1. Can you confirm whether Ala45 is surrounded by fewer than 17 Cβ atoms within 10 Å (Cβ to Cβ) and in a helix (DSSP H, G or I)?
2. Just checking, how many residues over region 92-113 are under 23 Å from Ser240 (Cα atoms) and more than 13 Å from the chain's Cα centre (by Cα)?
3. For Ser104, state whether it is part of a helix (DSSP H, G or I), touching a helix residue (DSSP H, G or I) at 6+ places or on another chain (Cβ under 8 Å) and more than 30 Å from Glu233 (Cβ to Cβ).
4. Collect the residues in region 64-91 that are surrounded by fewer than 17 Cβ atoms within 10 Å (Cβ to Cβ), in contact (Cβ under 8 Å) with a residue 12 or more places away in the chain and not hydroxyl-bearing (Ser, Thr, Tyr), keeping them in residue-number order.
5. Can you confirm whether region 8-29 contains a residue that is assigned to a helix (DSSP H, G or I), closer than 20 Å to Ile180 by Cβ and at pLDDT 95 or above?
6. Only residues in region 135-150 that are in contact (Cβ under 8 Å) with a residue 60 or more places away in the chain count as the first member; pair them with residues that are charged (D, E, K, R), Cβ under 7 angstrom, at least 6 apart or cross-chain, and list the lot.
7. What residue, among those in region 136-182 that are over 19 Å from the mean Cα position of the chain (by Cα) and polar (S, T, N, Q), is surrounded by the fewest Cβ atoms within 10 Å (Cβ to Cβ)?
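The values are calculated or read from the model by the stated rules, or taken from the named source; none is laboratory data. What you see is a predicted model, and the numbers here were worked out from it, not measured in a lab. All Cβ positions, even for glycine, are placed from backbone atoms using ideal geometry, and neighbour counts span all protein chains on display.
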Amino acid sequence: MAGTIIITGSSRGIGATTAILAAQKGYAVAVNYYRHLERAEEVVAAIEKAGGRAMAVEADVSHETAVKIMFEKVTKELGPISALVNNAGITGRIGPFAEQPTSSLRQVLEINVLGSMFCSQEAVRRMSTQNGGNGGAIVNITSRAAQYGSPNEFVHYAASKAAVESFSFGLATEVAAEGIRVNCVSAGLVDTELHAAAGDPERAKRFVSRIPMGRAGTTDEIAQAVLWLLSDEASYCTGSVLAVTGGR
């Protein structure tokens, strides 16, 4: 299944790689960003250079109105939405839970949980066959941290990803009869800018010893899993969590 896809937080990291791969699979791609316009434009340029269609679209996914405007812009420019990847997310600063400021807790939950909910809500309204849509698929990017809890680092981030998985299970059941599939890709250790943003750029290297396969994953390995779950090859998968974790 192709069509138009929105990938949140796709100006860099896993999102950017997923956007480029989605274009290769035939999707018209909306590259969502919040602060990194130049990076988003680079992703769009790479897609267009390869013959694909793409647009950069700014939106803070934690704001419901911004999400609605984003979906309207994308639909007008690229066509009806057939797929959504909720990739936008932050960890907050690394540190013990008791030392986390309230502002960080709120921001992590608002972006990771409410952002996924707002975008999914808008996608369901548009894709539901009960509303005249053609159906579609949603993939939520979660984390293995949801199972391990990330003690002494970012317990609040782990909790937010566990919430997204629970949300995905319920939504998948709710919209299965409306032609919409909802799944998660649970990412393990991947060497991206996320670690530096959390205050520990060497974190991925230090954690490699905990991975049975002995290495961090790549953004392409996560993106391939996402595109498989969006594809017709996964047509009987909904309410699933696909762990891409190197065995951990």
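1. Details: surrounded by fewer than 17 Cβ atoms within 10 Å (Cβ to Cβ): yes; in a helix (DSSP H, G or I): yes.
The answer is yes for Ala45.
2. Here is the first cut: in region 92-113, the ones under 23 Å from Ser240 (Cα atoms) are 109, 111-113.
Narrowing further to those that are more than 13 Å from the chain's Cα centre (by Cα): 109.
Number of matching residues: 1.
3. Values: part of a helix (DSSP H, G or I): yes; touching a helix residue (DSSP H, G or I) at 6+ places or on another chain (Cβ under 8 Å): yes; more than 30 Å from Glu233 (Cβ to Cβ): yes.
Taking the combined requirement at face value, the residue satisfies it.
4. Glu64, Lys68, Lys73, Glu77, Gly79, Pro80
5. First pass over region 8-29, keeping only residues assigned to a helix (DSSP H, G or I): 13-24.
Filter once more, so that each one left must be closer than 20 Å to Ile180 by Cβ: 18, 22.
Filter again for at pLDDT 95 or above, leaving 18, 22.
For region 8-29, residues assigned to a helix (DSSP H, G or I), closer than 20 Å to Ile180 by Cβ and at pLDDT 95 or above: present.
6. Listed pairs, sorted by first residue: Ala137/Arg181; Thr142/Lys161; Thr142/Glu165; Arg144/Arg248.
7. Asn152
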